[in-house]
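**Student:** Pasting a structure here, questions to come.
The values are calculated or read from the model by the stated rules, or taken from the named source; none is laboratory data. Here the structure is a predicted model, which is why all the values come from computation and not from measurement. FYI the Cβ positions are ideal-geometry reconstructions off the backbone, even for glycines, and counts take in every protein chain you see. The accessibility values were calculated without ligands, DNA or RNA, using every heavy atom of the protein model including side chains. Shrake-Rupley method; radii C 1.70, N 1.55, O 1.52, S 1.80 Å.
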Amino acid sequence: MGVFSGVPASIMGTGMYVPKKVITNEDISKMVDTSDEWIRERTGILRRHLAEKGELTSDVAEKAAREALEDAGVTPEDLDMVIVATNSPDTIFPGVAPKVQGMLGANRAGAFDVQSGCTGGVYAMAMAASGIASGIWKKVLVIGAEVLSPLVDWTDRNTCILFGDGAGAMVLGAAEEGGGRFISTELRSDGEKHDQITFRGGLVENPASQETVEKGLHYVEMKGNEVFRFVNRIIPPFLRQFCLNSGIEPEAIEWWFFHQANQRIIERAAERLGIQPEKVIINIDEYGNTSAASVFIALYEFLREDRVKKGDRLLFTAFGAGMTYGGIIYEA
Ligand code: COA
């Protein structure tokens, strides 16, 4: 893993979509034994957007994708590849990406899903940038999309307070003269901790049965406290070393896009890295943890605020089920 060489890959356009329905902490406190104050203080989340019944991951992905294509001035026929990072695919197969490719009529494109916990979005960006760098793809649509709400146990206060639904997308293409470019990436995994965030039911290990339903195996399970400690321990030194391996001091990163899992995790990591709070993008208050979509949604909103300047460095980082983690640096 390291510094990109070959054709520089640039972000040409971005899009996002979140469902209209909003669930506040107050709403959740009527469902489980919790409170607005507890959720706010422990996570930074105030509300989250949830899909309507029947609104699928491919639907939210398509909406974000269409906006990204329009923003980029790219037609579906121009695309060489569609990559969807998701942990909540409509079905285990087909993947979401082929469905979206079909919905868009991206007739020349291949399509595949990346399923790597909440880090999937960063993995997918790295795949897309690598494909462009190598010359095999010219234009790639990368989407992070989740409809996690049907996979969440709304009687489990450890998990149901955290997650939200939504999608973000970006179109990547070969950089034009003076355009931005991806600089470097580092993708990691610690599979010995594969039991920390799981969805166990309905597949090979636990084929669907009356028993799997009764045991609640068709829901997200999480050892929240262990995840919290893992991330606090691993992420700050990983990010420092990643920056240095990329030839960049952490102080020289203008904007930090952490996976929006928990505001306390983000703030603690930023503090340990000596990052000024104003350089850290936070929107968990509005969306909760949208898993593989979170860094895309954060970037989308940030770009519309017109704060980014030519040459600014943006670092995207995420962690999640696996336990996977990683980072990718972009120069605007
Ligand atoms: N409302 C009220 N009380 C709650 C609660 C809730 N929703 N969830 C847990 N509690 C209680 C616990 O039962 C515990 O009570 P006790 O001390 O009487 O036993 C107390 O609050 C503290 O629980 P703890 O699990 O230590 O809380 P925490 O500060 O670690 O916060 C998380 C819990 C889940 C918010 C936090 O661990 C977290 O965000 N972890 C990371 C999760 C994550 O990022 N997952 C996705 C990765 S992609």
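**Student:** Could you give every pair whose Cβ atoms fall below 9 Å, whose first residue belongs to the stretch 283-295 and is touching a residue at least 12 places away in the same chain (Cβ under 8 Å), and whose second residue is of a type in the set (Phe, Trp, Tyr) and within 12 Å of the ligand (Cβ to nearest atom), counting only separations of at least 6 or pairs across chains?
**Tutor:** GLY288/PHE163; ASN289/PHE163; THR290/PHE163; SER291/PHE163; SER294/PHE258; VAL295/PHE258
**Student:** Additional query: Restricting to the stretch 240-265, and then to whatever is within 16 Å of the ligand (Cβ to nearest atom) and touching a Gly at 6+ places or on another chain (Cβ under 8 Å), can you tell me which residue is farthest from ILE39 (Cα to Cα)? Outline the logic, then answer.
**Tutor:** As a first pass, look at the stretch 240-265 and keep what is within 16 Å of the ligand (Cβ to nearest atom): 257-265.
Within this subset, residues satisfying the condition of being touching a Gly at 6+ places or on another chain (Cβ under 8 Å) are 259-264.
Details: HIS259: 18, GLN260: 14, ALA261: 12, ASN262: 10, GLN263: 11, ARG264: 11 Å.
Among residues in the stretch 240-265 that are within 16 Å of the ligand (Cβ to nearest atom) and touching a Gly at 6+ places or on another chain (Cβ under 8 Å), the one farthest from ILE39 (Cα to Cα) is HIS259.
**Student:** Given GLU70, GLU77, GLU52, which one is assigned to a helix (DSSP H, G or I), of a type outside the set (Ser, Thr, Tyr), without any contact (Cβ under 8 Å) to a residue 40 or more places away in the chain and open to solvent by 40 Å² or more (accessible area, probe 1.4 Å)?
**Tutor:** Details: GLU70 fails: without any contact (Cβ under 8 Å) to a residue 40 or more places away in the chain; GLU52 fails: assigned to a helix (DSSP H, G or I).
Residue meeting the stated conditions: GLU77.
**Student:** Can you find even one residue in the stretch 111-118 that is in a loop (DSSP other than H, G, I, E, B), more than 16 Å from the ligand (Cβ to nearest atom), out of contact with any His (no Cβ under 8 Å at 6 or more places or on another chain) and at pLDDT 95 or above? Spell out the reasoning first.
**Tutor:** In the first step, residues of the stretch 111-118 are kept if they are in a loop (DSSP other than H, G, I, E, B); the result is 115, 117.
Then keep just the ones that are more than 16 Å from the ligand (Cβ to nearest atom); that gives none.
Within the stretch 111-118, none of the residues are in a loop (DSSP other than H, G, I, E, B), more than 16 Å from the ligand (Cβ to nearest atom), out of contact with any His (no Cβ under 8 Å at 6 or more places or on another chain) and at pLDDT 95 or above.
**Student:** Could I ask something else about it? When you scan the stretch 19-39, do you find a residue that is open to solvent by less than 40 Å² (accessible area, probe 1.4 Å), on the phi > 0 side of the Ramachandran plot and either of a type in the set (Phe, Trp, Tyr) or at pLDDT 95 or above (or both), even just one?
**Tutor:** no
**Student:** Name the pairs whose Cβ atoms lie under 7 Å apart, with the first residue in the stretch 15-35 and farther than 17 Å from ASP285 by Cβ, the second within 13 Å of the ligand (Cβ to nearest atom), and 6 or more positions between them or separate chains?
**Tutor:** As it stands, the answer is MET31/TRP154; VAL32/THR155; VAL32/ARG157; VAL32/CYS160; ASP33/ARG157, since those pairs meet every condition given.
**Student:** Just one of (1) open to solvent by less than 60 Å² (accessible area, probe 1.4 Å); (2) in a loop (DSSP other than H, G, I, E, B); (3) of a type in the set (S, T, N, Q) trips up SER58, so point out which.
**Tutor:** (2)
**Student:** So, one more: When you scan the stretch 211-234, how many residues do you find that are within 11 Å of the ligand (Cβ to nearest atom) and closer than 17 Å to ALA269 by Cβ?
**Tutor:** Residues flagged as within 11 Å of the ligand (Cβ to nearest atom) and closer than 17 Å to ALA269 by Cβ within the stretch 211-234 amount to 9.
**Student:** Also, quick follow-up: Checking the structure you have, find out if any residue of the stretch 153-167 is of a type outside the set (Asp, Glu), open to solvent by less than 10 Å² (accessible area, probe 1.4 Å) and away from the ligand (no atom under 16 Å from the Cβ).
**Tutor:** The first filter runs over the stretch 153-167 and keeps only residues of a type outside the set (Asp, Glu), leaving 154-155, 157-164, 166-167.
Adding the requirement that they be open to solvent by less than 10 Å² (accessible area, probe 1.4 Å) leaves 159-161, 164, 166-167.
Narrowing the set further to residues that are away from the ligand (no atom under 16 Å from the Cβ) leaves 167.
The answer is yes, given that some residue of the stretch 153-167 is of a type outside the set (Asp, Glu), open to solvent by less than 10 Å² (accessible area, probe 1.4 Å) and away from the ligand (no atom under 16 Å from the Cβ).
**Student:** Given LEU273, LEU303, which one is over 15 Å from the mean Cα position of the chain (by Cα), open to solvent by 10 Å² or more (accessible area, probe 1.4 Å), of a type in the set (A, V, I, L, M) and over 25 Å from PHE199 (Cα atoms)? Break it down stepwise before answering.
**Tutor:** Working: LEU273 fails: open to solvent by 10 Å² or more (accessible area, probe 1.4 Å).
From the options LEU273, LEU303, the qualifying one is LEU303.
**Student:** Could you tell me which of the residues SER10, SER88, SER5 is within 16 Å of the ligand (Cβ to nearest atom) and either of a type in the set (Lys, Arg) or on the phi < 0 side of the Ramachandran plot (or both)?
**Tutor:** Numbers: SER10 fails: within 16 Å of the ligand (Cβ to nearest atom); SER5 fails: within 16 Å of the ligand (Cβ to nearest atom).
Just one listed residue meets the conditions, SER88.
Residue-by-condition table, conditions (1) touching a residue at least 60 places away in the same chain (Cβ under 8 Å); (2) closer than 23 Å to GLU146 by Cα:
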position	(1), (2)
PHE182	yes, no
THR185	yes, no
ARG200	no, yes
VAL204	no, yes
GLU211	no, no
HIS218	yes, yes
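**Student:** Here is a follow-up. How about the stretch 253-269: which of its residues are farther than 16 Å from ARG229 by Cβ and either open to solvent by 10 Å² or more (accessible area, probe 1.4 Å) or of a type in the set (Ser, Thr, Tyr) (or both)?
**Tutor:** Of everything in the stretch 253-269, those that are farther than 16 Å from ARG229 by Cβ and either open to solvent by 10 Å² or more (accessible area, probe 1.4 Å) or of a type in the set (Ser, Thr, Tyr) (or both) turn out to be GLU254, TRP255, GLN263.
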